[in-house]
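Q: Take a look at this one; I'll ask things after.
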């Protein structure tokens with residue numbers, strides 16, 4: 001039996017953004033310290049205590065000696081690329097769920113019933129993320145969830161976690177813990193934050209054709225990896241994709 005640690009973060013809040021992303025990075029307990037050491041070594045080299053992509057993406061702000069104010073976008077991407085490489089070289093599975101809010105709100109009652117009748121897209125992304133991890137682990141493996149301690153989403157995350165465990169036997173059997181933590185102290189949560197931020201920018205381009213300054217970095221992050229490196233599972237769900245998803249998620253019923 002092995003313990004798989006799954007670190008989740010979200011980017012974009014319903015009502016504030018047209019796209020919500022919920023992303024996770026996963027690693028076995030035996031490999032976690034290797035990733036933590038590598039990420040922490042990068043932070044020391046960069047002269048920063050932690051990496052937060054919202055801050056690191058702002059070219060007009062200083063974010064340590066290697067990311068000075070008014071740096072060119074090409075230079076900023078080059079500086080951030082080693083963090084993306086660290087994710088791909090040392091983590092095991094990455095989950096990206098991006099949901100178009102307008103498409104979600106436009107679903108009929110019948111269409112929403114197919115995906116569990118959620119009242120917000122966060123539930124759908126959270127549920128699908130858990131099922132993808134369940135499919136990845138071995139029969140006797142257990143999963144520990146660690147989510148960013150965000151005051152606006154932590155309680156919703158807990159409610160969804162309890163609801164899914166009530167109706168899905170595999171989730172109830174394999175997921176053995178749920179924790180909330182500050183990403184300043186957990187490198188893998190910083191990695192999940194990076195994935196969530198870049199995924200939301202890419203989703204806005206895909207859904208609304210908005211220009212994405214960091215598309216080169218996103219593509220580098222999620223490109224196909226060699227065996228033994230990160231495996232990426234991506235879903236960019238517009239209205240039609242959400243309708244189609246209802247067919248494959250018919251077992252999940254929100255209570």
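Q: Of all the residues that make up the range 90-111, how many are surrounded by 16 or more Cβ atoms within 10 Å (Cβ to Cβ) and over 18 Å from residue 20 (Cβ atoms)?
A: Start the filter on the range 90-111 by keeping residues that are surrounded by 16 or more Cβ atoms within 10 Å (Cβ to Cβ), which leaves 90-101, 103-104, 107, 111.
With the extra rule that they be over 18 Å from residue 20 (Cβ atoms), the set shrinks to 90-93.
Result for the range 90-111: 4.
Q: Look at the range 28-62 and say how many of its residues are outside any helix (DSSP H, G or I), within 21 Å of the chain's Cα centre (by Cα) and over 30 Å from residue 141 (Cα atoms).
A: As a first pass, look at the range 28-62 and keep what is outside any helix (DSSP H, G or I): 28, 47-52, 57-62.
So of that shortlist, the ones also within 21 Å of the chain's Cα centre (by Cα) come out as 28, 50-52, 57-58.
With the extra rule that they be over 30 Å from residue 141 (Cα atoms), the set shrinks to 50-52, 57-58.
So the count comes out to 5.
Q: Of the residues 139, 210, 206, which single one is modelled with pLDDT under 90 and either more than 30 Å from residue 43 (Cβ to Cβ) or over 18 Å from the mean Cα position of the chain (by Cα) (or both)? Walk me through it before giving the result.
A: Details: 210 fails: modelled with pLDDT under 90; 206 fails: modelled with pLDDT under 90.
Just one listed residue meets the conditions, 139.
Q: Let me ask you something else. Scanning the range 14-53 for residues that are closer than 26 Å to residue 127 by Cβ and loosely packed, with under 14 Cβ neighbours inside 10 Å, which turns out modelled with the highest pLDDT?
A: 29
Q: Every residue in the range 233-242 that is surrounded by 13 or more Cβ atoms within 10 Å (Cβ to Cβ) and outside any strand (DSSP E or B), please.
A: 238, 239, 241, 242 - these are the residues of the range 233-242 that are surrounded by 13 or more Cβ atoms within 10 Å (Cβ to Cβ) and outside any strand (DSSP E or B).
Q: Run residue 83 past the list (1) under 17 Å from the mean Cα position of the chain (by Cα); (2) closer than 26 Å to residue 127 by Cα; (3) part of a helix (DSSP H, G or I) and report the number of the one that doesn't hold.
A: (2)
Q: Could you tell me how many of the residues in the range 159-175 are surrounded by fewer than 18 Cβ atoms within 10 Å (Cβ to Cβ) and touching a helix residue (DSSP H, G or I) at 6+ places or on another chain (Cβ under 6 Å)?
A: Of the residues in the range 159-175, 3 are surrounded by fewer than 18 Cβ atoms within 10 Å (Cβ to Cβ) and touching a helix residue (DSSP H, G or I) at 6+ places or on another chain (Cβ under 6 Å).
Q: Would you mind finding the one in 89, 138, 71 that is within 23 Å of residue 233 (Cβ to Cβ) and assigned to a loop (DSSP other than H, G, I, E, B)?
A: On the way: 89 fails: assigned to a loop (DSSP other than H, G, I, E, B); 71 fails: within 23 Å of residue 233 (Cβ to Cβ).
After applying the criteria, what remains is 138.
Q: Here's something else I'd like to know. Looking at the range 179-232, which of its residues are under 26 Å from residue 28 (Cβ atoms), touching a strand residue (DSSP E or B) at 6+ places or on another chain (Cβ under 8 Å) and part of a helix (DSSP H, G or I)?
A: Once the filter is applied, which keeps residues that are under 26 Å from residue 28 (Cβ atoms), touching a strand residue (DSSP E or B) at 6+ places or on another chain (Cβ under 8 Å) and part of a helix (DSSP H, G or I), the range 179-232 yields 183, 188, 189, 191, 192, 193, 195, 196, 197, 199, 222.
The values are calculated or read from the model by the stated rules, or taken from the named source; none is laboratory data. Everything quoted here is computed from the prediction, not taken from an experiment. Every residue, glycine among them, receives a Cβ derived from its backbone with ideal geometry; neighbour counts consider all protein chains shown.
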